[in-house]
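Worksheet: one structure, shown below.
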Amino acid sequence: MTTPNAHRLAARVKLSEEHLITRMLNIADGLDDVIKLGRGDPDLDTPAHIVEAGRQALSDGATHYTHPAGIAPLREAIAAQIRDHGGADYAADEILVTPGGQHGMFVIALSLLDPGDEIIVPCPGYNPYQQAAELSEAKVVKVPMGMETNFTLTAEMIRPHITARSKILVLINPNNPTGTVTAPEEVVKIARLAEEHDLIVISDEIYARLTFGNHRVQPVAALPGMRDRTITLSGFSKAYAMTGWRIGYLAGPRDLIMPMTEINHAFAISVAGVSQHAALAAATGPQGCVEEMRETYDARRRAICAGLDAIGMDYAEPQGGFYVYADVASLKLGIGAGAFCERLLSEGRVMMYPGTIYGDHTDDFVRMSMTQPVPRIEEAMARMAAVVAAIREERTAPAV
Ligand code: PLP
């Protein structure tokens with residue numbers, strides 16, 4: 001039974017698109033051998049030395065609440081890691097450890113947004129930013145992106161959307177769901193625009209260590225004039241395959257991080273100690289595991305692109321993260337991306353998500369996660385080719 005409160009929540013955070021995910025998961029439950037390219041959850045295991053650090057921490061009694069901002073050595077290690085990767089210089093009390101970066105989005109929205117404030121988000125872009133803003137009764141202003149810019153924002157695309165109520169600009173780099181990287185010189189222009197209009201930038205750099213070819217991410221907070229107006233959101237889920245440990249962080253100027261720490265405390269008290277000790281091992285231990293995972297995703301990315309090329313399907317150039325954003329409309333099948341995903345799942349047993357889930361203004365694109373080994377990806381591409389051929393045949397078959 002749906003309670004009145006559930007209705008209210010669904011209306012406030014507009015969950016309707018996500019019902020599509022639930023419907024697809026329900027279809028998948030009734031099928032064998034589904035190849036799942038849906039969720040952004042790595043199939044790779046958390047590296048052994050990190051798991052071992054968690055195990056050791058439990059034996060050593062890390063079973064209590066911690067400081068609400070996170071244990072001091074972890075905050076120091078995060079600050080050092082940010083610095084080592086070309087980011088801004090932070091003190092330990094300018095880092096807030098949260099139960100996942102996603103939780104951080106709600107902490108940010110509840111701390112910074114008043115009803116009627118405007119938050120500018122990339123469209124398509126990771127959708128909890130919108131849901132968090134809606135819970136704060138802020139207005140979500142979407143900047144539509146397309147193939148012309150390989151689904152990345154430019155300062156000139158953002159400019160017309162700025163008003164007197166604009167408060168926050170969200171930059172997700174690399175972007176989810178599109179797997180694309182905003183070029184460093186464009187990040188500089190976007191930062192200048194934010195300064196000019198006194199905007200706070202939320203720079204989501206959670207995939208920043210997973211980039212391909214010569215693409216790289218320019219940390220926003222390290223740019224001149226940006227440190228005090230930027231909150232960097234990141235975490236351990238993606239680079240270290242630690243999604244289930246639920247640990248991420250926010251980095252920003254003390255006067256913004258302090259109230260956020262209070263809100264984080266009200267929500268969660270603190271992140272599980274075991275996860276903090278594991279994350280400490282991740283940040284301070286050998287980093288070869290990140291490079292190994294990056295290379296694994298790079299090989300998978302090439303396998304997906306080869307499969308799409310063979311099918312004749314257009315896609316945004318995947319430059320970072322672990323997603324490929326592909327254009328169903330380019331196949332001219334006469335169905336939208338949502339309907340395509342449902343057919344691909346029920347007839348081809350391959351799961352991927354339509355871009356509408358991430359606020360895409362068209363129903364043209366699907367997101368494929370690189371969360372399966374290459375042979376399974378190749379099998380998925382072969383199944384997809386068969387479903388595309390079946391749809392085409394239906395369309396050309398004479399009516400009876
Ligand atoms: N930011 C982006 C762009 C993401 O895609 C995700 C998860 O998919 C997150 C943040 C949140 O990750 P977590 O809550 O696991 O740290």
Problem set entry | the range 161-172 residues that are within 17 Å of residue 220 (Cα to Cα), paired with ones that are within 16 Å of the ligand (Cβ to nearest atom) and part of a helix (DSSP H, G or I) (beta carbon under 7 Å, 6 or more apart) | 170/129; 171/220
Problem set entry | Pair list, Cβ under 8 Å, 6 or more apart: the range 227-253 residue over 26 Å from residue 286 (Cβ atoms) and open to solvent by less than 10 Å² (accessible area, probe 1.4 Å), other residue acidic (Asp, Glu) and more than 11 Å from the ligand (Cβ to nearest atom) | 252/94; 253/94; 253/228
Exercise. Restricting attention to the range 310-329, does a residue exist that is touching a His at 6+ places or on another chain (Cβ under 8 Å) and modelled with pLDDT of 95 or more?
Worked result: yes
Exercise. Got a number for residues in the range 49-80 being over 12 Å from residue 279 (Cα atoms), of a type in the set (Gly, Ala, Ser) and crowded, with 18+ Cβ neighbours inside 10 Å?
Worked result: 3
For this session: State which residue is least open to solvent (accessible area, probe 1.4 Å) when the search covers only the range 322-348 and only residues that are in a loop (DSSP other than H, G, I, E, B) and in contact with a strand residue (DSSP E or B) (Cβ under 8 Å, 6 or more places away or on another chain).
Result: 322
Exercise. What is the residue count in the range 179-226 for residues that are open to solvent by 50 Å² or more (accessible area, probe 1.4 Å) and polar (S, T, N, Q)?
Worked result: 1
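Can residue 257 be described as within 11 Å of the ligand (Cβ to nearest atom), of a type in the set (A, V, I, L, M) and at pLDDT 95 or above? Spell out how you get there, then give the answer.
Numbers: within 11 Å of the ligand (Cβ to nearest atom): no; of a type in the set (A, V, I, L, M): yes; at pLDDT 95 or above: yes.
Criteria not met by residue 257.
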For this session: Name every residue in the range 349-367 that is of a type in the set (Val, Ile, Thr), open to solvent by 10 Å² or more (accessible area, probe 1.4 Å) and not in a helix (DSSP H, G or I), in order of residue number.
Result: 362
Problem set entry | Members of the range 121-148 found to be among the charged types (D, E, K, R) and either on the phi > 0 side of the Ramachandran plot or modelled with pLDDT of 95 or more (or both), listed by number | 137, 139, 142, 148
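Answer yes or no as to whether residue 167 is in contact with a helix residue (DSSP H, G or I) (Cβ under 6 Å, 6 or more places away or on another chain) and either more than 26 Å from residue 353 (Cβ to Cβ) or part of a helix (DSSP H, G or I) (or both).
Working: in contact with a helix residue (DSSP H, G or I) (Cβ under 6 Å, 6 or more places away or on another chain): no; either more than 26 Å from residue 353 (Cβ to Cβ) or part of a helix (DSSP H, G or I) (or both): yes.
No.
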Problem set entry | Qualifying positions in the range 153-176 - out of contact with any strand residue (DSSP E or B) (no Cβ under 8 Å at 6 or more places or on another chain) and closer than 22 Å to residue 209 by Cα | 154
Exercise. In the range 180-213, what residues are in contact (Cβ under 8 Å) with a residue 60 or more places away in the chain and either away from the ligand (no atom under 16 Å from the Cβ) or not in a loop (DSSP other than H, G, I, E, B) (or both)?
Worked result: 199, 200, 202, 204, 211, 212, 213
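The values are calculated or read from the model by the stated rules, or taken from the named source; none is laboratory data. Only a predicted model underlies this, so the values are computations on that prediction, with no experimental measurement involved. With ideal geometry, Cβ positions are generated from the backbone for all residues, glycine too; neighbour counts draw on all protein chains shown. These area figures cover heavy atoms from the full protein model, side chains too; ligands, DNA and RNA do not enter into them. Shrake-Rupley method; radii C 1.70, N 1.55, O 1.52, S 1.80 Å.
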